[in-house]
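For reference, the structure is listed below as structure tokens.
Every number in this text was worked out from the coordinates using simple rules, so none of it is lab data. As the structure is a computational prediction, the values presented were derived from the model and not from experiment. When we count neighbours, we look across all protein chains shown, and the Cβ atoms used for this are built from the backbone with ideal geometry, even at glycine.
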Amino acid sequence: MLYLGVDLGTSAVKLLLMDGQGEIRKIVSREYPISFPHPGWSEQNPEDWYEKSIEGIRELTKDVDRSEVAGISFGGQMHGLVVLDEKDEVIRPAILWNDGRSTKETDYLNEVIGREKLSAYTANIAFTGFTAPKILWMKENEPEKFARIRKIMLPKDYLAYRLSGTFCSDYSDASGMLLMDVKNKCWSKEMMEICGISREQLPDLYESYEVVGTLKKEEAKKLGLPESVKIIAGAGDNAAAAVGTGTVGEGMCNISLGTSGTIFISSRKFQVDRYNALHSFAHADGYYHLMGCMLSAASCNKWWMQDILGTSEFTKEQEKIVKLGENQVFYLPYLMGERSPHNDPMARATFTGMTMDTTREEMTQAVLEGVVFGLRDSLEVARNLGIQIERTKICGGGAKSLLWKKMVANIMNLKVDVIESEEGPALGGAILAAVGCGEFESVEEAAAKLVKVVETVEPDEDLTEKYEECYQKFRKIYPALKPVFRKIVS
């Protein structure tokens, strides 16, 4: 049988077709626009997601026997607010994960409601990217539209709803809304009351590998697929990517160097760090995970290369970097503020330590190193919880860089496992679809059989020691500049 994984990203939808042996038959993608109607705002039209996904599924399956397609599942951009009225029409453009308009509402939740209460209700504190602050913003600034809300959903769940008619979400994605009691895997009554919404406005919750329905007749006809095709709940993009890299079960780690950057640590038990520096979410394997999320990772390199240096020769620029562990130029990777572990929307990117003889190569090196240093900040929080990590998988566009992988290995002192098929959330979605259709008994079994490590980048003892000294310098820069950021941003 064949299984479809749909990765609903920020700039495009990526669709992957996989068979029961894990062979990837085909991948297609379709881009859609993103709008920035005001500084710091970020929105998309959910209809674009649907239309491009339909177009992509048709293209993906045009050369195969469509009767063999058994299931469709998803990995999707998290935290976005999608709201429908009583006619199931979209009320306003979706407010995305990287939208910063809800600073006031985030401060209200953290400072007035209080971090301790939020952590007790949801296992997390408020971040501007989360869904609950967006709901409060809409309640305050668009009261007429807020009053029309009948359904609140996340981006990938809008696709599931259009395809199956089931109003649903999964535990991993819903964990990032700040509306769910993560420990007990249910909606938080306290958070619903704080946000002024009802249980009826929120979707039913499922494990990521559970079947939520089948294709509606009209959608099946539109796609040329059988009505029997199962729709499986899917997961938030980071959880889906973790499935695709085999980061499931106890004590596994995955680092993603995508537009944003994450460090993802899977666990069979629920846990929260007392400072809430890491997100404590449910995982797509039925258990839990801790995650540190940087808003800017590979996007820092793209900004530096394309917008500042004016080049697309990423690999060529990196070939000139040879003095690892010796750079005295440091870069704070906070182009869009920062989430983990600082939770500071006012943080900004900076270069520090430049002199008259600083070179282009040193500044490029600083950008790459700064992203890894920033991710290590979150790793240190996990280590302080007593979590012992010795190795990590790696994914995302940045994972294609041998230099960046070497930096990860030595800055974090971890063995970095490179997998055979690094296709992120799309592959994770396809694996979840296979589990949901009974191809495998569990997500862990599927990952063990389908995910293969083809290379390991080992840390070098001498280089790790050099980078330890560099990291100790790096970690002093943000605290020193934090009060300055507040003055220049306000």
Legend entry - From phi via Karplus (6.51, -1.76, 1.60), per-residue ³J(HN,Hα) for segment 102-119 in Hz, x at Gly/Pro: 9, 4, 4, 5, 5, 4, 4, 5, 6, 9, 8, 5, x, 4, 4, 5, 4, 5
Legend entry - Neighbour-count ranking [beta-carbon atoms within 10 angstrom, fewest first] of 352, 392: 352, 392
Legend entry - segment 2-238 - percent relative contact order, Cα under 8 Å, separation 6 or more: 21 percent
Inset, instruction - Return the long-range amide H neighbours of residue 421 (sequence gap of 5 or more, or a different chain), with a cut-off of under 5 Å between placed amide H atoms. - result: 452
Legend entry - Distance violations [Cα-Cα > 30 Å] among 134/405; 117/405; 302/449; 14/230; 14/117: 134/405; 117/405; 302/449; 14/117
Inset, instruction - Return the long-range amide H neighbours of residue 393 (sequence gap of 5 or more, or a different chain), with a cut-off of under 5 Å between placed amide H atoms. - result: 253, 254, 255, 417
Inset, instruction - Using amide H atoms built 1.01 Å from N in the peptide plane, name the residues 5+ places from residue 206, or on other chains, whose amide H lies under 5 Å from its own. - result: 169, 170, 171
Legend entry - Antiparallel DSSP beta bridges within the chain, as percent of all bridges there, nearest 5: 70 percent
Inset, instruction - Over the chain, calculate the relative contact order: mean separation of alpha carbon pairs under 8 Å at least 6 apart, over the residue count, as a percent. - result: 16 percent
Inset, instruction - Note the full-extension length gain between residue 116 and residue 356 as 0.36 nm times their separation in residues minus their Cα-Cα distance, in nm to one decimal. - result: 81.6 nm
Inset, instruction - Would you kindly calculate the translational diffusion coefficient of segment 2-238, applying Stokes-Einstein with the Kirkwood radius from alpha carbon pairs, for 37 °C and a viscosity of 0.692 mPa s, and quote it in µm² s⁻¹ without decimals? - result: 181 µm²/s
Inset, instruction - For segment 144-152, take each phi angle, set θ = phi - 60°, evaluate the Karplus expression 6.51 cos²θ - 1.76 cosθ + 1.60, and give the result in whole Hz per residue in order, putting x for glycine and proline. - result: 5, 5, 4, 5, 8, 5, 10, 9, 10
Legend entry - Value of [θ]222 nm, deg cm²/dmol, for the chain, DSSP H segments ≥ 4, -39500 (n - 2.57) each, nearest 500: -10500 deg cm²/dmol
Legend entry - Percentage relative contact order, segment 127-262, counting C-alpha pairs under 8 Å, at least six apart: 22 percent
Legend entry - Inter-site label distance for residue 184 and residue 31 at 7 Å from Cα along Cβ, in nm: 4.7 nm
Legend entry - ³J(HN,Hα) computed for each position of segment 242-258 - Karplus, 6.51 cos²θ - 1.76 cosθ + 1.60, integer Hz, glycine/proline x: 5, 4, x, 9, x, 8, 9, x, 9, x, 8, 9, 9, 10, 10, 10, x
Legend entry - DSSP beta bridge pairing in segment 2-238, given as percent antiparallel to the nearest 5: 65 percent
